[in-house]
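Bear in mind these aren't lab numbers, they're just calculated from the coordinates by the rules spelled out. None of these values were measured; they are calculated from a predicted model. Virtual Cβ from ideal backbone geometry, glycine too; neighbours counted across all protein chains shown.
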Amino acid sequence: MRVTTDRDRCVGSGQCAMQSPEVFDQDDDGLVVVLQEKPGAELLEDVHRAADLCPSQSIRVTG
Amino acid sequence: MTQSAEPADGTASPYPQFPMRRTCPFSEPGEYAGLRADEPVSRASLKVNGKPTWLVTRHEHVKQVLGDPRVSSNLKRPGYPHQFHISEEMLAHVRLMMLSMDPPDHTAQRRMLIPEFTARRTKEMRPRIQEIVDERIDAMLAAGGPVDLVQALALPVPSLTICELLGVPYGDHAQFEEWSAALMNHDLTPEEYGAAVQALDMYLDKLVTLKETEPGDDLISRFLEKNRTEQAADHVDVVTMARMMLVGGHETTANMIALGVLALLEHPEHMAELRSDDTLLPNAIEELLRVFSISDSGTARVAVEDIEVGGVTIRAGEGILALNNAADHDETVFADPGTLDFHRKEARSHLAFGYGIHQCMGANLARAELEIVYSTLLRRVPGLRLAVPAEELRYKDDAMVYGVYELPVTW
């Protein structure tokens, strides 16, 4: 699994950081930061949920 | 179906009227389930002016519309589905708040505000919110029951939290609260209401002017500081933004506080569950937000290009109401949607805060306020109960934001 984000689209809702804090955080500007680009399979469900909750569709999960 | 509207030109509209009433305060209007099943993208006519609009009722379609850059939030665009009466002349003079702006203006202002509402910043505000809640509950307990929980707790908590956020000087709190409470008081005459709005606007104007020269440790000051280089807003924009914070974070949170308490009082088994396991609280709040979806039609849009939703073509210039209460009762996403289930795994998928670039910025702050209010009430007022029969409560059926007018309680 590989996680990429589009910071230009990010609207800083923080949904990802709340849903999957091991993988996502917000920087000082409030925009998304990926903490682990290749999270383990045990985080798969949470990461997919975070992507689904993102209101600006800024998160992509591949692999 | 509801009766046809009578548009200004005298011809009867063939469409059902919007808004539709909730028959049960804990659910969606009865017509929504049928629309979702049979005609998920349907026509309706706005009760206020008889004009046609599209209603979108399925969860996937509501997300699709609100995530589509080809729809606009600009309420000045022809075809925008206004839900209150506003003349062309008044409309021309309206100053757009951020929630009515489109990119790039919206993006510039929102980016400057995002840092104020991150999960981390919200966490930092929690101790102060806890103090506010404790002070209000102290006052409530000292006064003795019965009290109206709306006036005693639900309204003052968001109001004082916004004071904190905007940097309203302590000496002005009482006055500020009086004006902001007036924005929610439906018993005022139009003149009294207008006077309160004007007084509040003048106050916010002065507050912004003060912070331009004497910045403090608050949202307005930080916004002004960033704006020196970004130049995304002028003075009036900043005043308008301050008003948006107040309006957006005030009545909504207050109504959710009161409705959530009511839901717990009406479901003692749920209340007992929360009391015995407070780790359930965050998901319980998502479920309460889902069930009530108090800002059902706050997601009004107008198409700027032709778009296809669920096999239906919505033409450029046509209004759309992407109904989040309907989406949040979509049985394909939330099984048995009318049941309040604090263990519901997908509760967070609700759209009560909207979706897309305009999703509520204050959502995390609202969540923190709700969590602190509910947990403190459960802990400090264990005997809390309604002081009147539930059937006597009056609900805000015709308001833009759903709620309960009074919630008399005792303990």
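Translational diffusion coefficient of the range B:325-411 at 20 °C, 1.002 mPa s, Stokes-Einstein with Kirkwood Rh over Cα pairs, in µm²/s as a whole number. Intermediate results must be reported in sequence, preceding the final value.
Details: Rh = 15.9 Å.
Answer from the Stokes-Einstein relation: 135 µm²/s.
Starting from the range B:330-411, pick out the trypsin sites (Lys or Arg not before Pro) whose DSSP state is loop and whose Cβ has at most 14 other Cβ atoms within 10 Å.
B:K345, B:R394
With an 8 Å Cα cut-off and a minimum separation of 6 or more residues, compute the relative contact order for the range B:297-374 in percent. Intermediate results must be reported in sequence, preceding the final value.
Numbers: 68 pairs, mean separation 17.1, N = 78.
Here the relative contact order equals 22 percent.
Could you work out the helix-only [θ] at 222 nm for chain A, with each DSSP H run of four or more residues adding -39,500 (n - 2.57) and the total divided by the number of residues, to the nearest 500 deg cm²/dmol?
-6000 deg cm²/dmol
In degrees, nearest 10, range 0 to 90: what is the angle between the Cα axis of helix A:44-53 and the longest Cα principal axis of chain A?
Approximately 30 degrees, to the nearest ten.
Any idea what the relative contact order of chain B is, in percent, if you count C-alpha pairs under 8 Å spaced at least 6 apart? If you can, show how the numbers build up before the last one.
Details: 629 pairs, mean separation 102.4, N = 411.
Relative contact order, chain B: 25 percent.
I'd like the mean, over residues of A:25-33, of how many other protein chain beta carbons sit within 10 Å of each residue's own Cβ.
Numbers: counts 3, 7, 3, 3, 5, 13, 4, 0, 0.
For this peptide, the per-residue mean of nearby foreign Cβ atoms is 4.
Let's see if you can work this out: charge +1 on each Lys and Arg Cβ, -1 on each Asp and Glu Cβ, no other charges. What is the dipole magnitude of chain B about its Cα centre, in debye to the nearest 20?
Dipole about the Cα centre, nearest 20: 720 debye.
Can you give the mean number of other chain Cβ atoms that lie within 10 Å of the Cβ atoms in peptide B:352-363?
Per residue, the average neighbour count from other chains is 4.
Just the ratio, please: alpha-carbon radius of gyration of the range B:162-301 over 2.2 N^0.38 Å, N its number of residues.
1.30
Go through B:G311, B:P115, B:L274 and say which Cα lies farthest out towards the positive end of the charge dipole of the protein assembly as shown; charges sit on Cβ, +1 for Lys and Arg, -1 for Asp and Glu.
Checking the options against the dipole of the protein assembly as shown, the answer is B:G311.
Using r as the Cβ-Cβ distance of B:R380 and B:T209, and R0 as 30 Å, what FRET efficiency do you calculate, to the nearest 0.05?
Rounded to the nearest 0.05, the efficiency is 0.15.
Check the straight Cα-Cα distances from B:K76 and name the lysines below 20 Å, setting aside those fewer than 8 residues away within the same chain.
Reachable lysines: B:K47, B:K51.
Largest first, please: the extent of the C-alpha atoms of the protein assembly as shown along each principal axis, to the nearest Å.
Extents along the principal axes, in whole Å: 58, 56, 51.
Restricting to Cα pairs below 8 Å that are 6+ residues apart, what does the relative contact order work out to for the range B:201-303? Please round to a whole percent.
Dividing the mean separation by the residue count of the range B:201-303 yields 22 percent.
Could the peptides B:116-125, B:205-214, B:49-58 be put in order, highest first, of the mean number of other beta-carbon atoms found within 10 Å of their residues?
Details: B:116-125: 18.2, B:205-214: 15.0, B:49-58: 22.3.
Result, highest mean first: B:49-58, B:116-125, B:205-214.
When you look at the Cβ of every residue in B:107-114, what mean number of other chain Cβ atoms sits within 10 Å?
For this peptide, the per-residue mean of nearby foreign Cβ atoms is 3.
For the range B:136-244, just run the numbers: alpha carbon Rg, then divide by 2.2 N^0.38 Å, N being how many residues it has.
Dividing the Cα radius of gyration by 2.2 N^0.38 Å gives 1.22.
To the nearest Å, what is the center-to-center distance of the range B:352-391 and the range B:86-152, using C-alpha atoms only?
Each part reduced to its Cα centre gives a spacing of 13 Å.
Let me have the 222 nm mean residue ellipticity of chain B computed from DSSP H runs of 4+ only, each contributing -39500 (n - 2.57), with the sum over all residues rounded to the nearest 500.
The per-residue figure over chain B is -14500 deg cm²/dmol.
Which of the trypsin sites (Lys or Arg not before Pro) found in the range B:10-49 are in a DSSP loop and have at most 16 neighbouring Cβ atoms, other than their own, within 10 Å?
B:R21, B:K47
Hey, what's the Cα Rg ratio for chain B versus the globular rule of thumb, 2.2 N^0.38 Å?
Relative to the rule-of-thumb radius for its length, chain B sits at 0.98.
Give the residue from A:G14, A:A41, A:F24 lying farthest towards the positive end of the charge dipole for chain A; charges sit on Cβ (+1 for Lys and Arg, -1 for Asp and Glu) and the dipole is referred to the Cα centre.
Of the listed residues, the answer is A:A41.
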